[in-house]
Amino acid sequence: MGASTAEAGRASLLGVVLCLVAALTYALGVVAQKPALRHANALQVAAFGCLVGALACLPFTATLVREIAQAPPAATLNLLYLGAFPTAIAFTTWGYALARMPAGRLGATTYLVPVLVALLSWALLGEVPHPLALAGGALCLAGVAISRRHTTTPPAPAPAQPSTRWPRARPVPQATPQGAPAPPPTPPTRSNAHRPRPRLNHPENPGPDPGRL
């Protein structure tokens, strides 16, 4: 999109380098802002960032006072608009979203900015976008759609629960002298509940003698 809107023969190498530096510092700012949002809310982080920017611009205070006195009211209103909407409101909402999603996924949404700029300049300024700019905008939208995809991963298996039942005691084999025969196995014992009861009034078991009673 930048190549399609640049004028032929007037591309500046210094401008391209400055754009790359701006992109790098912006990425570093997003990465540094993520841990800062764990200790403060989005409004506090945005206010602190604006304070740091104001301190960095203090050497240009004299020039600001001199030029703002000569600037037309429309330029002053544009300056106030830039401070309120693209700076205060935009960075506060950005911090709110960054605190709730990964920095890499949120950073991919900034590819929407060139598309919105091309559309707004077409609607408000009458700048018809070049066909190459439209192709670049479509590529940006495709990149945002791919980055916003949710990958489904199979759930991890649940850990096995330890058994609460006591293990059965196994008999310990007794050592026998070398050469001696092994003892015979112990026959299984039966409880009284499983013993057969004697049948009364049977030829083999006539029962108690009535004369002895």
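The values are calculated or read from the model by the stated rules, or taken from the named source; none is laboratory data. Computed from a prediction, not measured in an experiment: that's the story for all the values here. For accessibility, only protein heavy atoms count, side chains too; no ligands or nucleic acids. Shrake-Rupley method; radii C 1.70, N 1.55, O 1.52, S 1.80 Å.
Structural remarks
- Heavy-atom accessible area, probed at 1.4 angstrom with all protein chains present, ranks 111, 26 as 111, 26, highest first.
- Separation of region 90-145 and region 25-63, taken as the distance between their Cα centroids, equals 22 angstrom.
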